[in-house]
Amino acid sequence: MTDLIRLTADEMADALAAKDISSLELTRAHLERIAAVDGGVHAFLHVDGEGALAAARTIDERRSAGEALPRLAGVPIGVKDVMATKGLPTTCGSKILQGWVPPYDATLVTRLRQSGLPILGKLNMDEFAMGSSTEHSAYGPTHNPWDLERIPGGSGGGSAACVGSYQAPLAIGTDTGGSIRQPAAVTGTVGTKPTYGGVSRFGLVALASSLDQAGPCTRTVLDAALLHEVIGGYDPMDSTSIDAPVPPVVEAARRADVSGMRIGIVRELTGEGFQAGVQKRFDEAVEHLVDAGAEVVEVSCPSFTYALAAYYLILPSEASSNLARFDAMRYGLRVWPSDDASAEQVMAATRAAGFGDEVKRRIILGTYALSSGYYDAYYGSAQKVRRLIYDDFASAFERADVLVSPTSPTTAFRFGEKMTDPMSMYLQDIATIPANLAGVPGMSVPSGLADEDGLPAGFQILAPATRDERLYAVGAALEQRLDAAWGGPLLDRAPTLASAFSGAMGSSYADARDGEGR
């Protein structure tokens with residue numbers, strides 16, 4: 001089991017194609033891993049062992065019959081619990097959707113199934129993707145595989161921790177302000193936010209419709225490219241979908257060539273406010289890219305200073321609108337405060353019981369920002385700042401092919417450290433938010449371990465819209481050099497992935513969750 005689960009998704013695909021292993025064998029190995037370690041990590045909210053094994057068996061039969069199959073057919077995957085999955089619970093980490101089973105699949109999930117990837121289950125997340133630590137899940141936090149007393153990032157902490165603890169080689173996350181990239185940074189994994197519209201949002205339960213974007217969570221840059229190729233592309237069911245081919249991300253990842261490429265260091269996203277060890281690893285990573293033939297230039301994006309403030313007006317405003325659908329009338333939780341309660345009273349009681357504190361905070365803020373007399377002063381002004389950020393990106397990309405910065409200002413913090421101070425939590429996304437406001441693609445790759453605590457730091461790469469392949473070229477080139485410097489993948493150095501990791505915290509597969517939380 002151990003050898004199988006430590007293969008990359010690309011290596012698994014090779015072994016499956018050569019019939020050295022079966023998808024059934026590979027899927028069963030990952031289900032055993034989930035049973036062994038997820039009692040301590042809590043990456044999964046629902047494990048679908050029967051469904052995953054059935055899908056794997058079908059792929060094996062098709063392969064035995066000589067059918068030509070997609071590259072990743074038979075490689076198992078986990079899906080963030082914000083994606084609609086037919087026949088599987090979709091809770092968005094919230095009590096208000098506890099037990100809800102969608103009657104349809106998100107387009108992204110349909111593409112996974114069509115490509116033959118067995119879905120192991122649904123992954124934990126901050127409630128409705130609101131948070132940077134996964135502490136806001138109604139079903140309990142996910143733990144960082146590097147240190148179980150620390151957060152795995154958020155909102156997609158379940159996706160990053162699942163991959164980082166070898167419970168799946170691939171996972172799907174979503175990124176509204178950094179929720180793929182920041183968890184990747186603090187867990188030593190790879191996370192990509194594609195260009196807005198590059199991956200369909202149909203069936204993704206909306207937080208902020210102009211910001212949300214699904215993308216890959218993996219252990220290598222090439223694996224991310226392979227998964228990006230599966231889930232990307234035009235979808236007529238999504239009005240924001242880009243009607244264009246998927247960028248050549250796999251080719252770029254395999255070539256890993258940055259010779260002559262201009263790497264722009266964003267002045268506003270380095271230095272003061274960033275943990276010393278994080279900054280040091282970032283500086284060293286830049287030197288590796290120079291050694292690989294890249295040219296470094298410094299760029300300034302002054303409006304990035306206001307990105308956090310603009311984001312926390314735009315996102316709550318859109319969330320306030322999107323979450324109005326949870327009215328206790330059509331689906332999800334329904335609380336009756338009394339036998340003769342009116343619809344308004346049922347709605348109020350249901351939202352009070354079903355939404356967590358962070359969701360309520362953002363709904364209230366967004367409703368206020370959109371209210372009569374305040375719309376122009378708050379939401380309207382934030383949209384003007386958004387335009388300035390877009391213009392700053394355009395100017396910066398005239399001087400550089402990609403922009404780089406640390407992904408997160410710190411390594412993983414301990415549980416509870418920032419729960420009483422929302423602003424300190426929001427600041428974890430200070431480097432990732434600009435990309436969502438402008439719709440450009442971004443990636444986080446591991447840059448090493450910070451000196452202060454021995455925990456992973458992340459290196460962020462940003463590219464112009466629809467030029468996602470540049471992320472993969474730079475990320476793969478950096479990954480190759482850092483792996484050589486470390487003597488292997490960074491995750492091999494995670495202390496809690498040693499043999500003791502599979503000890504007392506484990507649970508039997510028969511005790512796997514049923515989607516109601518643990």
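Odds and ends about this structure:
- Helices (runs of 4 or more DSSP H) fully within region 235-329 that include at least 1 residues being touching an Asp or Glu at 6+ places or on another chain (Cβ under 9 Å) and among the aromatic types (F, W, Y): 307-322.
- Single unsatisfied condition, G51 versus (1) at pLDDT below 95; (2) closer than 15 Å to L117 by Cβ: (1)
- If the condition is being in a strand (DSSP E or B) and crowded, with 24+ Cβ neighbours inside 10 Å, then region 136-165 contributes only N144.
Per-residue answers, yes or no, for (1) within 23 Å of R6 (Cβ to Cβ); (2) of a type in the set (K, R); (3) in contact with a helix residue (DSSP H, G or I) (Cβ under 7 Å, 6 or more places away or on another chain):
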{"residue": "Q182", "(1), (2), (3)": "no, no, yes"}
{"residue": "V190", "(1), (2), (3)": "yes, no, yes"}
{"residue": "H228", "(1), (2), (3)": "yes, no, yes"}
{"residue": "P247", "(1), (2), (3)": "no, no, yes"}
{"residue": "R254", "(1), (2), (3)": "yes, yes, yes"}
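- The number of residues in region 76-93 being among the aliphatic types (A, V, I, L, M) and either surrounded by fewer than 24 Cβ atoms within 10 Å (Cβ to Cβ) or closer than 19 Å to S209 by Cα (or both) comes to 4.
- Residue among G51, G39, G66 that alone is in contact with a Pro (Cβ under 9 Å, 6 or more places away or on another chain) and surrounded by fewer than 24 Cβ atoms within 10 Å (Cβ to Cβ): G51
- Scan of region 1-57 for residues that are hydroxyl-bearing (S, T, Y), assigned to a helix (DSSP H, G or I) and touching a residue at least 40 places away in the same chain (Cβ under 8 Å), ordered by number: S23, T27
- Tally of residues being of a type outside the set (G, A, S), out of contact with any Leu (no Cβ under 8 Å at 6 or more places or on another chain) and over 24 Å from S165 (Cα atoms) across region 68-101: 4
- Subset of region 82-115 (residues that are out of contact with any strand residue (DSSP E or B) (no Cβ under 7 Å at 6 or more places or on another chain), in a helix (DSSP H, G or I) and of a type in the set (A, V, I, L, M)): I96, L97
- The single residue among A412, A353 that is under 22 Å from T142 (Cβ atoms), surrounded by 14 or more Cβ atoms within 10 Å (Cβ to Cβ) and either among the hydrophobic types (A, V, I, L, M, F, W, C) or at pLDDT below 95 (or both) turns out to be A412.
- Restricting region 335-383 to residues that are acidic (D, E) and assigned to a helix (DSSP H, G or I) leaves a set whose member that is farthest from A324 (Cα to Cα) is D376.
- One residue alone among G215, G233 is in contact with a helix residue (DSSP H, G or I) (Cβ under 9 Å, 6 or more places away or on another chain), at pLDDT 95 or above and surrounded by 24 or more Cβ atoms within 10 Å (Cβ to Cβ), and that residue is G215.
- Those residues of region 124-135 which are assigned to a loop (DSSP other than H, G, I, E, B) and crowded, with 24+ Cβ neighbours inside 10 Å, in sequence order: N124, M125, D126, M130, G131, S132, S133, T134
- Against the conditions (1) assigned to a helix (DSSP H, G or I); (2) in contact with a Pro (Cβ under 8 Å, 6 or more places away or on another chain); (3) more than 30 Å from G366 (Cβ to Cβ), A168 satisfies every one except (1).
- Residue match in region 475-491 (condition: among the acidic types (D, E), surrounded by fewer than 19 Cβ atoms within 10 Å (Cβ to Cβ), at pLDDT 95 or above and under 23 Å from the mean Cα position of the chain (by Cα)): yes
- Among the residues making up region 271-286, a single one is surrounded by fewer than 20 Cβ atoms within 10 Å (Cβ to Cβ), touching a strand residue (DSSP E or B) at 6+ places or on another chain (Cβ under 9 Å) and either free of Cβ contacts under 8 Å to residues at least 24 places away in the same chain or of a type in the set (V, I, T) (or both): V286.
- Output for region 217-234, where each listed residue is of a type in the set (D, E, K, R) and over 24 Å from L123 (Cα atoms): none
- When each of G153, G178, G203 is tested for being at pLDDT 95 or above and more than 24 Å from L365 (Cα to Cα), the lone residue that passes is G203.
- Candidates S381, S342, S424, filtered to the one that is within 21 Å of the chain's Cα centre (by Cα) and of a type in the set (S, T, N, Q): S424
The values are calculated or read from the model by the stated rules, or taken from the named source; none is laboratory data. What you see is a predicted model, and the numbers here were worked out from it, not measured in a lab. Because the Cβ atoms are built from the backbone with ideal geometry, glycine has one as well, and the counts that use them run over all protein chains shown.
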